[in-house]
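Have a look at the structure below before the remarks.
The values are calculated or read from the model by the stated rules, or taken from the named source; none is laboratory data. Keep in mind that what you see is a predicted model, and the values were worked out from it rather than measured. Neighbour counts are summed over all protein chains in view; Cβ atoms, including those assigned to glycine, are modelled from backbone coordinates with ideal geometry. All accessible areas refer to the heavy atoms of the entire protein, side chains included, with ligands and DNA or RNA removed. Shrake-Rupley method; radii C 1.70, N 1.55, O 1.52, S 1.80 Å.
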Amino acid sequence: MSFSSLIINKLDIKGFGKLKDLEIRFVPGFNIIYGENEAGKSTIQWFIKAMFYGLKGGRGRDGLIPPVKRFKPWGNSQYRGHMEYTLSDGTFYRVDRNFNDNSVSILDSSFNDITHSFETGRDKRIKFAEEHLGLNETCFE
């Protein structure tokens, strides 16, 4: 597995933690997300990771609330979103995730569903991020 770079073009957060109906478009070059404490910067980081690797459920050994419950939207918002990105070779992808039912679909530049072209891990997660980034979830963090 080799490391590959990518450019995130767009985040569309329908509902994730305190964030609702938020669209972020990134421009070529260096982008900075900034804001006051508790504005949602870390939640955006978690959203990006969750789009690539999903969210874990179940109670951890540390007794903390699992991410799938921790980022459930405040109020009755949708718990989903999508992310668009381009790999270093110029190929475009879109990932759609619904965190309520843990479903994911990966679309190519023509918006064809190519989800089933990626390996599925023992944990039933689609391993597209490992293929596109060359990083497992631990290394991504």
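With more than 23 Å from Phe16 (Cβ to Cβ), open to solvent by less than 50 Å² (accessible area, probe 1.4 Å) and of a type outside the set (Val, Ile, Thr) as the only criterion, which of Asp96, Asp108, Asp89 stands out? Working first, answer last.
Values: Asp96 fails: more than 23 Å from Phe16 (Cβ to Cβ); Asp89 fails: open to solvent by less than 50 Å² (accessible area, probe 1.4 Å).
Of the residues listed, the single one that is more than 23 Å from Phe16 (Cβ to Cβ), open to solvent by less than 50 Å² (accessible area, probe 1.4 Å) and of a type outside the set (Val, Ile, Thr) is Asp108.
Can you tell me which residue is least open to solvent (accessible area, probe 1.4 Å) among those in the range 20-49 that are in contact with a Phe, Trp or Tyr (Cβ under 7 Å, 6 or more places away or on another chain) and among the hydrophobic types (A, V, I, L, M, F, W, C)?
For the range 20-49, the residue satisfying everything is Phe47.
List, please: which pairs have Cβ atoms under 6 Å, are six or more places apart or on different chains, and start with a residue in the range 92-106 that is of a type in the set (Val, Ile, Thr) and end with one that is in a loop (DSSP other than H, G, I, E, B)?
Partner pairs satisfying both residue conditions: Ile106/Ile114.
Among the residues of the range 9-19, which ones are assigned to a strand (DSSP E or B) and crowded, with 16+ Cβ neighbours inside 10 Å?
First pass over the range 9-19, keeping only residues assigned to a strand (DSSP E or B): 9-16, 19.
Asn9, Leu11, Asp12, Ile13, Lys14, Gly15, Phe16, Leu19, listed by residue number.
Looking for whichever is of a type outside the set (Asp, Glu) and modelled with pLDDT of 95 or more here; the options are Arg25, Arg59. Which one fits?
Working: Arg59 fails: modelled with pLDDT of 95 or more.
Selected residue: Arg25, the only one of Arg25, Arg59 that is of a type outside the set (Asp, Glu) and modelled with pLDDT of 95 or more.
Somewhere in the range 106-122, is a residue modelled with pLDDT under 95 and of a type in the set (Val, Ile, Thr)?
Within the range 106-122, one or more residues are modelled with pLDDT under 95 and of a type in the set (Val, Ile, Thr).
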